[in-house]
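Scroll down for the structure; my scribbles are underneath it.
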Amino acid sequence: LERSSVAGRVVRLEAFDPEGADILFFSGKPINEPIATKGSMVMNTDYEILKAYQDYEYGEFGYPWDEKLHDDEWAQHVRNRPPKSMDV
């Protein structure tokens, strides 16, 4: 993965797995908010990072993902789980 924060530069992704790769790429306007990161978590504050890890450990982080599922199987997997209430 190559990336640059300079406008107009090219982003290059290479996958060396013989089975290929799934890539999710986002682009958008800056939102001018703080960024906090730790491991795979990205939030706005260190507190939100801590809360996200706690939610993950308690199983409140969303649906378990079995990467062996095909798209149709994944859609059925999600449909079979009722939504959890969200504290706002």
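The values are calculated or read from the model by the stated rules, or taken from the named source; none is laboratory data. As the structure is a prediction and not an experimental result, all values here were calculated from the model. Methodologically, a virtual Cβ is constructed for each residue, glycine included, from the backbone with ideal geometry; neighbour enumeration extends over all protein chains shown.
Some notes on this structure:
- Identity of the residue in region 15-53, surrounded by 10 or more Cβ atoms within 10 Å (Cβ to Cβ) and among the hydroxyl-bearing types (Ser, Thr, Tyr), that ends up nearest to LYS68 (Cα to Cα): TYR53
- Selection from region 54-74 of residues that are assigned to a helix (DSSP H, G or I), modelled with pLDDT of 80 or more and either of a type outside the set (S, T, N, Q) or surrounded by 12 or more Cβ atoms within 10 Å (Cβ to Cβ) (or both): ASP55, TYR56, GLU57, ASP72, GLU73
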